Amino acid sequence: MAAAQEPLCRPVQETDLGDPLKVVDPLGWLGPSIRGWKVLCLAAGGGKQSVLYATAGAQVTVVDLSPMMLELDRQAAKQRGLNLRIIEASMDALPMLDDGAFDAVIHPVSSCYLPDVQSVFREVARVTRPGGLYISQHKQPTSLQASATPDGQHYSLLHAYYRTQPVPAPPRDNHVTARLREPGAVEYLHRWEQLVGGICRSGFVVEDLVEPVHAKADSQAGSFADRAQFIAPYVRIKARRQGSATSTPTLIV
């Protein structure tokens, strides 16, 4: 996907760098400035997330399992004179990172690639300082259960909610399927109790939860935006690490 420059693997665009914090944090969850913050971009290689947060003033570490995705981060950072810490690792095993090292962990959609999401949350909790933020986005369980295309005017639930096996890949015969499921990826459905409950059990308090809107009322029947009117594809969660905050992010002016 990185070699083919798929949409999810394209580095940052220059037009996004004018106000990078607004691009990465349209809801204002991070506050007015992250200058001086230590930020972990988890499973977020590809030359976009890391560059935007670094341009906004953060000290950025980016972790990803794919060396090709991380190479895009290296190239994008070098082009703009940014200093990134780049680590090839799995999101659920971060022994190279110290306890409480980060003011914020940013985790784009990727939890679906692991069968055990609780192991990810435990590691995130360990490396996040008390009072720090964990902002993550996940595939909605119902979206992974449901058909990619409608049967007449309806979408169907095809897969069981209580499952431990990967969700079968749909036929890759249209652009809607391509947006919903990455080609060749093995994906697991995580229930709401595993996502929201798992974050809470790991030591976080959920402060906000939104479903990014991809629905359009006038969209073509069977399109990605039409399906999103029935099934929200993603959920975005803001959580704060519990515990006594012995330090606060350093604000550099």
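The values are calculated or read from the model by the stated rules, or taken from the named source; none is laboratory data. None of these values were measured; they are calculated from a predicted model. Positions of Cβ are backbone-derived with ideal geometry, glycine not excepted, and every protein chain shown enters the neighbour counts. Each accessible area value is taken on the protein alone, full model and side chains, heavy atoms only, with ligands, DNA and RNA left out. Shrake-Rupley method; radii C 1.70, N 1.55, O 1.52, S 1.80 Å.
Which condition from (1) outside any strand (DSSP E or B); (2) under 19 Å from the mean Cα position of the chain (by Cα) is the one that residue 169 breaks?
Checking residue 169 against (1) outside any strand (DSSP E or B); (2) under 19 Å from the mean Cα position of the chain (by Cα), the one that fails is (2).
With the requirement that a residue be assigned to a helix (DSSP H, G or I) and farther than 24 Å from residue 52 by Cα, what does segment 119-133 give you? Show your work before the answer.
First, pick out the residues of segment 119-133 that are assigned to a helix (DSSP H, G or I): 119-127.
119, 122, 126, listed by residue number.
Here are 81, 45: which of them is of a type outside the set (A, V, I, L, M), open to solvent by 10 Å² or more (accessible area, probe 1.4 Å) and on the phi < 0 side of the Ramachandran plot?
On the way: 81 fails: on the phi < 0 side of the Ramachandran plot.
Exactly one residue qualifies, and that residue is 45.
Only residues that are open to solvent by 20 Å² or more (accessible area, probe 1.4 Å) and assigned to a helix (DSSP H, G or I): list them for segment 87-118, please.
Hits for segment 87-118 are 113, 118.
Could you identify the single residue in 134, 155 that is touching a strand residue (DSSP E or B) at 6+ places or on another chain (Cβ under 8 Å), at pLDDT below 95 and open to solvent by less than 40 Å² (accessible area, probe 1.4 Å)?
Numbers: 134 fails: at pLDDT below 95.
Checking each option against the conditions leaves just 155.
Could you list, in sequence order, all residues of segment 10-31 that are in contact with a helix residue (DSSP H, G or I) (Cβ under 8 Å, 6 or more places away or on another chain) and assigned to a loop (DSSP other than H, G, I, E, B)?
11, 12, 17, 30
Please pick out the residue among 158, 97 that is in contact (Cβ under 8 Å) with a residue 40 or more places away in the chain and in contact with a helix residue (DSSP H, G or I) (Cβ under 7 Å, 6 or more places away or on another chain). Spell out how you get there, then give the answer.
Details: 158 fails: in contact (Cβ under 8 Å) with a residue 40 or more places away in the chain.
It is 97.
Would you say residue 62 is at pLDDT 95 or above, under 22 Å from residue 7 (Cβ atoms) and either surrounded by 24 or more Cβ atoms within 10 Å (Cβ to Cβ) or touching a Phe, Trp or Tyr at 6+ places or on another chain (Cβ under 8 Å) (or both)? If you could, list the steps in order and put the result at the bottom.
Working: at pLDDT 95 or above: yes; under 22 Å from residue 7 (Cβ atoms): yes; either surrounded by 24 or more Cβ atoms within 10 Å (Cβ to Cβ) or touching a Phe, Trp or Tyr at 6+ places or on another chain (Cβ under 8 Å) (or both): yes.
In short, yes.
Filter segment 202-237 down to residues that are within 17 Å of residue 112 (Cβ to Cβ) and assigned to a loop (DSSP other than H, G, I, E, B), then give me how many there are.
6
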